[in-house]
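Structure, as structure tokens:
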Amino acid sequence: MSFSFDENTETTIKARSAASGISIGPALVIKAGSQKISPTAITESEIEAHKEKFCSARASLVQELEKMSGGLQDKSTAEIIEAQQQIIEDPEIKRTVFEIVEKKLLSVDFAVYETFSSFIEQLKESGSELFRQRIIDLEDIRDRYVSKVCDHATELKVPEGAILVASKISPTELVNYYEEGAGGLVLEKGGITSHAVIIAKSLGIPCLINADKATKVVSSNEMVILDADKGGLILDPSDEVLKEYAEKLKGAQVSVKADRAAGFETKDGFPFKLMANVEFEAELPRVSEMKSQGIGLLRTESLLFGKKLRKDVEDQEAFYTAMLENSEGPVTIRLFDIGGDKNARRPYKEANPFLGWRGIRLLLDEKKLLRSQLKAILTIAGKYTGRVKLLIPMISVVDEIDQIRDEIEKMQGALLSSGTPIDEDLPIGIMVEVPSVALSAFHFAKKVDFLSIGSNDLTQYTLAVDRGNEKIHTLFQHYHPAVLKLIKMTVKGAEKAGTNVSVCGELAGDEIGAACLMGFGINELSMVPNSLPAIYDLLSSRNKKDFDELAEKAVDLSSSEELEQLFREWKDQTA
Ligand code: PEP
Ligand code: MG
């Protein structure tokens, strides 16, 4: 029997493939804290345990806020943290929660949910703008409280090979589940370049997105088959179907190989470099397995989120050292790109986070956080001279480069005065993620040593498509001719300034994207490790002029669909 997943049935859920592969295992449904919590009855003998859970959740939330405030300096954020702390410690909240637990004999997760929700309702009815701001705080705290007191959040057991089914998930949560044995991911929301999906790809976890109502239809522990190659989830499969998929799985495992016999050059000898994007230590084995020539993008946000906060200079140094020791070639470390969809624990809420306080904008305001990261990176760069490169995220105006360069120079001076060696020639580069940088590339490029194109954000900001919004996912087209035109302009501006250009967005790991990028003359591509073999095969089996011809035609097309058609023909002709 062969599945087609044309539409949802009782035993199949149609979804969109975001990371290919097949996975078979027990489902693990993760309910988000923000979901409505139903009342669960408890016995009198359980009252104390539920009250204790509340107290320890409260202590842990307060502790998290204290840690968070340690790295933040600006006044408005400090005020928000203080306001949140007051809400968490409010005696009225505690009194109401305990009353529901003791008198109504209902579970603490429901008691917390109910208490906060009724306060939120009262504020909503008031109609005041000031109170509306408080609602966001209250909802945020409610969800964090609930996930702390919920059994499924604190005692969730991950069966080996579990297929996670969630509405959405943070990258850190995903890595935690992966380290405990999860082997597949099914999301109701998200886009192909949303952050958690990139990590799933990198870890080699098959992933489906836009799996409508999956958390409602699937139950934890039921056996499921995730077929990300065909784009669907099979619930309660028969023995016959299980056997068929187990065989497919065996075949797929032997077909992934990282053969580099042809050398890193096109058929006619034009060199290229293929590197890996990395965020977690758990990804490193794949980086060497796939024979990457370096780490082209080391995302560092995981140091700030998740179970293990590693904000201190020493902790950061240990993380960067692990990355350098366990990889070969250059390691491009990007400064914290907090904001957008990478703001898991930030108390500061914005109406448009992707257009807001993100990346360099936040770092230049949060000097303590910035300086601790610079100190760690510059120290490590001095130890591994010639291997580290420094990358700045979310640059949109030239002045930001001047400001960050000033900070870097000051930190290098301070390190030298304290006798710590530095890398005097440390290359400093910026991400090209905002159209303003592509359009005025020359002016940005002449101030730095390299440009690294972040096609995920460049696509998002060029096509005005939130990269994580499932409602408009079909509009997220990273090889849209308009995006390619901006990339071509970037190369032209950088050439004039004598600055190197590379690409580290998902476009680099896409066959159509990689082929066009080579045609534009970009021969340094960084991608999720699993994409390396296919891109290597494509680039090493064609001549440079084949890529040039494709790229030249691509920018003049009117749509991504036209480019897909052109690429199919090109691939056949040049094979
Ligand atoms: C990008 O925007 O393409 C990129 C590589 O950065 P991130 O995905 O971390 O935003
Ligand atoms: Mg980006």
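Efficiency by 1/(1 + (r/R0)^6): what FRET value for residue 511 and residue 244, r their Cβ-Cβ distance, R0 = 25 Å, to the nearest 0.05?
Plugging the Cβ-Cβ distance into 1/(1 + (r/R0)^6) gives 0.30.
Under a no-solvent Debye model with one identical scatterer per Cα of the chain, what's log10 I(q)/I(0) at q = 0.09, 0.11 Å⁻¹?
Listed by q, the Debye log ratios stand at -0.74, -1.10.
Using the beta-carbon distance between residue 104 and residue 321 and R0 = 45 Å, what value does 1/(1 + (r/R0)^6) give for FRET efficiency, to the nearest 0.05?
The calculated FRET efficiency here is 0.25.
Stokes-Einstein at 25 °C, 0.890 mPa s, Kirkwood radius from Cα pairs: D for the range 499-547 in µm² s⁻¹?
231 µm²/s
What does the convex hull of the Cα atoms of the range 337-421 come to per residue, in Å³, rounded to a whole number?
Convex hull of Cα atoms, per residue: 106 Å³.
On a 0 to 90 degree scale, rounded to 10, what angle separates helix 91-103 from the longest Cα axis of the chain?
Roughly 60 degrees, rounded to the nearest 10.
Provide Rg and Dmax in Å for the range 182-240, with only Cα atoms included in the calculation.
Answer for the range 182-240, Rg first and Dmax second: 11.7, 36 Å.
Per 5 Å bin, what percent of the C-alpha pairs of the range 433-541 does each bin hold, from zero upward?
2, 14, 24, 23, 19, 12, 5, 1, 0
Please state the Cα pair-distance histogram of the range 453-510 with 10 angstrom bins from zero: what percent is in each bin?
Going out from 0 Å in 10 Å bins, the range 453-510 shows 24, 50, 21, 5, 0 percent.
Taking other Cβ within 10 Å of each residue's Cβ, how do 472, 22, 380, 13 sort, fewest first?
472, 22, 380, 13
Using all Cα-Cα distances in the range 291-441, what percent lands in each 5 angstrom bin from 0 up to the longest?
2, 9, 19, 22, 21, 15, 9, 3, 0, 0
If each residue of separation counts as 0.36 nm, what is the full-extension length gain between residue 48 and residue 355 once their alpha-carbon separation is subtracted?
On the way: separation 307, 0.36 × 307 = 110.52 nm, distance 4.61 nm.
Between residue 48 and residue 355, full extension yields 105.9 nm more.
Return one number: the angle in degrees, 0 to 90 and rounded to the nearest 10, between the long axis of the Cα atoms of helix 544-554 and the longest principal axis of the Cα atoms of the chain.
60 degrees
So for the pair residue 124, residue 383, with labels modelled 7 Å out along Cα→Cβ, what separation do we get in nm?
Reported label-point gap for residue 124 and residue 383 is 5.2 nm.
How large is the convex hull of the Cα atoms of the range 370-513 per residue, expressed in Å³ as a whole number?
117 Å³
What order do you get for 138-145, 493-500 when each peptide is scored by the mean count of other beta carbon atoms within 10 Å, highest first?
With the highest mean Cβ count within 10 Å placed first, the list reads 138-145, 493-500.
Give the peptides 502-512, 287-297 in descending order of average Cβ contacts within 10 Å, highest first.
My ranking of the peptides, most packed first, is 502-512, 287-297.
Calculate, axis by axis, the spread of Cα positions in the range 384-459 along the three principal axes, and write the results as whole Å, longest axis first.
43, 24, 18 Å, listed from the longest principal axis down.
Tally Lys and Arg at +1 and Asp and Glu at -1 over the other residues with C-beta under 12 Å from the C-beta of residue 29: what net charge comes out? Walk me through the numbers before you get to the answer.
Details: positive: 31, 213, 216; negative: 188, 222.
Every neighbour counted, the sum reads +1.
Just to verify a number: FRET efficiency for residue 66 and residue 569, C-beta to C-beta distance, R0 = 60 Å, to 0.05?
Efficiency for this residue pair is about 0.50.
Each reported figure results from applying straightforward, stated rules to the coordinates on display, with no laboratory input. This structure is a prediction, so every number in the text was calculated from the model and none was measured. Every residue, glycine as well, gets a Cβ built from its backbone with ideal geometry; the counts of neighbours run over all protein chains shown.
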